[in-house]
1. Multiply the residue separation of residue 74 and residue 174 by 0.36 nm, subtract the distance between their alpha-carbon atoms, and state the gained length in nm to one decimal.
2. Take the Cα coordinates of the chain, assign each an equal point scatterer, and use the Debye formula without solvent to give log10 I(q)/I(0) at q = 0.09, 0.12, 0.15 Å⁻¹.
3. Stretch residue 29-residue 110 to full length: gain in nm at 0.36 nm per residue minus the Cα-Cα span?
4. Going out from 0 in 10 Å bins, what whole percent of all Cα-Cα distances in region 83-174 drops into each bin?
5. Using Cα pairs closer than 8 Å and at least 6 residues apart in sequence, work out the relative contact order for the chain, in percent.
6. Most fluctuating residue of 71, 30, 112 in a GNM of the chain with Cα springs under 10 Å: which is it?
7. State the extension gain, in nm to one decimal, for the chain segment bounded by residue 165 and residue 47, taking 0.36 nm per residue of separation less the distance between their alpha-carbons.
Ligand SMILES: [Zn+2]
């Protein structure tokens, strides 16, 4: 179930077709220590699973929150609360993406190579950052907040190639 009340210790990565991955998400209160605790746990899970980012719906929480690695400090994570993404003038670039909620599945995604993100500090003020390094992961995680998964954008070839993996995921979901 996708719960608004959270037991930090029970948080774990949800796999497709968990309905939380498609749930409607809600803005977080950036000053709520409970939100920060969830974000810190998500950073741990991201590192444990060797991921580049992790969005709240992927741990069963319908919040507008995701975490990413910090490109400047390899052991650190960054927390993005109530993010808004604006594509900047740039050449769209295709690259293979995976997803912690879709183990082993790979899909080529074409995305703007430069974007700006606006997110909230704990005091509720907004800050803005531009990045090429994080552009792809920001957009991937942002998709999660809209209930969008990489499998939604597969080509016919990718659909055929990933059919068995998807079927196995559906079968193992209980
Ligand atoms: Zn993902």
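Derivation of every value follows stated rules applied to the coordinates shown; laboratory data play no part. Keep in mind that this is a model prediction, so the values were computed, not measured.
1. Extending this stretch completely gives an extra 32.5 nm.
2. The computed values of log10 I(q)/I(0) come out as -0.30, -0.53, -0.84.
3. 25.9 nm
4. Reading the bins upward from 0: 15, 40, 28, 14, 3.
5. Over the chain, the number comes to 24 percent.
6. Of the options given, 71 has the highest mean-square fluctuation.
7. Working it through step by step, the gained length comes to 40.1 nm.
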